[in-house]
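J.: Have a look at the structure that comes next, please.
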Amino acid sequence: MTTLDDWLAHCERLHPKTIELGLDRVRAVAQRLGLAFDCPVFTVAGTNGKGSTCAMLEAILLQAGFRAGVYTSPHLVRFEERCRVRGQPASAEQLAAAMARVEAARGEVSLTYFEFTTLAILDVLAGAGLDAVVLEVGLGGRLDAVNLIDTDCAIITSIDVDHAEWLGDTREKIGWEKAGILRTGRPAIVSDPVPPQSVIDRATEIGADLWLPGRDFNYSGDRQQWAWAGRGRRYAGLAYPALRGANQLINASGVLAALEALRPRLPVTAQALRNGLAMVELPGRFQVVPGQPALVLDVAHNPHAVAALALNLDAMGFFPTTHAVFGAMADKDLAPMLQRMDPIIDRWYFTDLPTPRAARGTALQAQWQALTQRRDAASALFDTPQAALAAAAAAATPADRIAVFGSFYTVGGVLEQGVPHLQAGLPGQGARG
């Protein structure tokens with residue numbers, strides 16, 4: 001095994017299960033690797049808003065002159081997206097070398113794909129000479145491989161019911177799992193406006209430094225600007241984050257609280273904060289691509305995220321026809337997602353996805369047909385997101401819009417050759433860059 005692709009294929013074969021929660025195995029290998037960080041670590045858990053929170057933290061820290069590293073998952077197109085060092089993706093060679101070190105250290109320990117690759121990315125970040133590291137939890141918190149690292153500042157974003165078979169079927173149960181990233185005496189930033197009581201109880205039980213919205217920090221805004229106030233510090237006249245969507249102020253407010261909590265170790269100027277929010281980029285989070293028709297890319301893949309997408313689409317104004325490319329995992333709560341989008345979408349393009357976890361396009365179409373209230377809406381089936389987008393572009397007028405959502409695989413599938421800039425009626429002929 002020499003290339004990154006070789007190692008990723010090896011990781012796929014190592015363990016009979018895709019997910020096996022627990023820290024004993026991964027901690028044993030981490031100890032053999034001597035894995036440790038000598039800089040502040042932010043750990044971000046939650047159902048929705050994790051990726052945006054990580055991206056804003058990274059952008060602000062980089063603007064403040066700090067050498068920042070980030071681990072996020074999953075990726076959209078290339079695995080290297082999961083590990084960024086000083087604002088750039090780690091190289092395939094760096095990651096392959098780290099995976100070789102993990103393989104040498106693991107001995108007879110069986111690791112899942114996520115555990116193996118997490119250890120490799122943590123190894124890259126630990127050796128990169130960084131001033132700050134931002135780690136996104138993959139699933140839950142308490143038993144996720146990322147939680148083997150003791151965080152200096154925990155952030156819990158919006159919580160909703162997702163991955164119920166692993167984390168529980170209520171917000172309280174899921175909140176308790178997420179709260180597993182909290183540490184005694186360390187800042188615990190909660191950006192969910194109505195957090196589960198289980199998160200508050202856990203923070204109190206272990207003596208974490210709990211920051212709650214409405215109590216320890218808050219924000220306000222109008223059409224032009226917004227303001228934030230925390231423990232003894234205020235920012236006024238802030239420009240809105242470059243990431244679109246009404247929910248991004250909730251995420252940004254939590255980010256500012258986290259930076260305030262770690263200000264003694266990572267002092268950030270008001271100008272760095274403003275520049276970071278203005279320059280932050282994160283593909284696939286209500287990403288609006290100019291063109292004719294307009295293209296909206298959003299990795300919304302659970303009811304809570306799809307509800308936010310629907311509100312953001314409504315706020316865009318009038319479009320004669322809204323087309324939707326939709327592919328999703330079979331284990332998601334699909335009915336409320338389809339119901340929420342049903343009044344908005346005029347033409348559906350259901351697609352298969354290249355993973356065994358995905359629902360077939362035929363199954364998605366059948367669910368939609370069983371619940372739709374739209375006699376005037378239409379649907380079609382496709383083998384790939386690329387084919388579905390090409391068909392939507394061919395059917396659309398210049399004044400229409402196309403939304404691509406439902407899974408990272410769906411959005412990643414249309415980004416494989418770059419960002420599409422569409423021209424109505426010309427499938428596959430839009431410029432890509």
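J.: Please state which one of Ala128, Ala96 is assigned to a loop (DSSP other than H, G, I, E, B), modelled with pLDDT of 95 or more, in the same structural domain as Arg142 (by TED's automatic domain parsing) and of a type in the set (A, V, I, L, M, F, W, C).
T.: Ala128
J.: Further question: Applying the selection to the range 268-324, what residues are of a type in the set (S, T, N, Q) and either surrounded by 19 or more Cβ atoms within 10 Å (Cβ to Cβ) or more than 30 Å from Arg67 (Cα to Cα) (or both)?
T.: Gln287, Gln292, Asn302, Asn312, Thr321, Thr322, listed by residue number.
J.: What's the number of the condition Ser158 fails, among (1) within 19 Å of the chain's Cα centre (by Cα); (2) without any contact (Cβ under 8 Å) to a residue 60 or more places away in the chain; (3) farther than 25 Å from Val26 by Cα?
T.: The number of the failed condition is (2).
J.: Which pairs do you get when a residue that is closer than 18 Å to Lys50 by Cβ and in contact (Cβ under 8 Å) with a residue 40 or more places away in the chain, found in the range 181-201, comes within reach of a residue that is of a type in the set (A, V, I, L, M) and in a loop (DSSP other than H, G, I, E, B), reach meaning Cβ atoms under 7 angstrom, with the pair 6+ apart or on two chains?
T.: Ile181/Val137; Pro187/Leu262; Val190/Leu212; Asp192/Ile159
J.: May I pose another question? Among what's in the range 23-63 and is farther than 13 Å from Val133 by Cα and small (Gly, Ala, Ser), pick the residue that is surrounded by the most Cβ atoms within 10 Å (Cβ to Cβ).
T.: Ala45
J.: Here is a further query. Inspect all residues belonging to the range 215-226 and state whether any of them is modelled with pLDDT under 90, in a helix (DSSP H, G or I) and surrounded by fewer than 21 Cβ atoms within 10 Å (Cβ to Cβ).
T.: No, because not a single residue in the range 215-226 is modelled with pLDDT under 90, in a helix (DSSP H, G or I) and surrounded by fewer than 21 Cβ atoms within 10 Å (Cβ to Cβ).
J.: Tell me the helices (runs of 4 or more DSSP H) entirely within the range 1-64 that contain at least 3 residues that are under 23 Å from the mean Cα position of the chain (by Cα).
T.: Details: elements: 4-14, 24-33, 50-63.
The helices (runs of 4 or more DSSP H) meeting that bar are 4-14, 50-63.
J.: Only one of (1) closer than 30 Å to Val296 by Cβ; (2) surrounded by fewer than 18 Cβ atoms within 10 Å (Cβ to Cβ) is not met by Gln248, so which one is it?
T.: Gln248 satisfies all of (1) closer than 30 Å to Val296 by Cβ; (2) surrounded by fewer than 18 Cβ atoms within 10 Å (Cβ to Cβ) except (2).
J.: Separate question: Which members of the range 144-193 meet the condition of being modelled with pLDDT under 90 and at positive phi?
T.: If the condition is that a residue be modelled with pLDDT under 90 and at positive phi, then His163, Gly168 are the ones that fit.
J.: Enumerate the pairs (first residue in the range 94-111 and polar (S, T, N, Q); second residue anywhere and at pLDDT below 95) with beta-carbon separation below 8 Å, excluding pairs fewer than 6 apart on the same chain, so at least 6 apart or on different chains.
T.: Going by the 8 Å Cβ cut-off, the qualifying pairs are Ser110/Leu14; Ser110/His15; Ser110/Arg25.
J.: Please determine whether any residue of the range 370-381 is outside any strand (DSSP E or B) and crowded, with 23+ Cβ neighbours inside 10 Å.
T.: No, because not a single residue in the range 370-381 is outside any strand (DSSP E or B) and crowded, with 23+ Cβ neighbours inside 10 Å.
J.: Which of the residues belonging to the range 243-265 are closer than 25 Å to Glu81 by Cα and not in a helix (DSSP H, G or I)?
T.: Hits for the range 243-265 are Leu243, Arg244, Gly245, Asn247.
J.: List, please: which pairs have Cβ atoms under 7 Å, are six or more places apart or on different chains, and start with a residue in the range 335-348 that is among the small types (Gly, Ala, Ser) and end with one that is not in a strand (DSSP E or B)?
T.: What qualifies is Ala335/Gln367; Ala335/Leu371.
J.: One residue is enough: does the range 269-288 have a residue meeting the conditions in a loop (DSSP other than H, G, I, E, B) and over 30 Å from Ala324 (Cα atoms)?
T.: Quick first cut of the range 269-288, residues in a loop (DSSP other than H, G, I, E, B) only: 269, 280-286.
Still in the list and also over 30 Å from Ala324 (Cα atoms): 269.
Yes, the range 269-288 contains at least one residue that is in a loop (DSSP other than H, G, I, E, B) and over 30 Å from Ala324 (Cα atoms).
J.: Another one. Does any residue of the range 198-211 turn out to be part of a loop (DSSP other than H, G, I, E, B), surrounded by 14 or more Cβ atoms within 10 Å (Cβ to Cβ) and touching a Leu at 6+ places or on another chain (Cβ under 6 Å)?
T.: Among the residues of the range 198-211, at least one is part of a loop (DSSP other than H, G, I, E, B), surrounded by 14 or more Cβ atoms within 10 Å (Cβ to Cβ) and touching a Leu at 6+ places or on another chain (Cβ under 6 Å), which makes the answer yes.
J.: Given the conditions (1) free of Cβ contacts under 8 Å to residues at least 60 places away in the same chain; (2) in a loop (DSSP other than H, G, I, E, B); (3) crowded, with 23+ Cβ neighbours inside 10 Å, report the number of the one that Gly141 does not fulfil.
T.: Going through the list (1) free of Cβ contacts under 8 Å to residues at least 60 places away in the same chain; (2) in a loop (DSSP other than H, G, I, E, B); (3) crowded, with 23+ Cβ neighbours inside 10 Å, Gly141 breaks only (1).
J.: Test of understanding: among Leu353, Leu389, which residue is assigned to a loop (DSSP other than H, G, I, E, B) and either under 27 Å from Phe79 (Cβ atoms) or in contact with a His (Cβ under 9 Å, 6 or more places away or on another chain) (or both)?
T.: After ruling out the rest, the residue left standing is Leu353.
The values are calculated or read from the model by the stated rules, or taken from the named source; none is laboratory data. From a predicted model like this one, the values you see are computed outputs, not experimental measurements. No Cβ is skipped: glycine too gets one built from the backbone with ideal geometry, and neighbour counts run over all protein chains shown.
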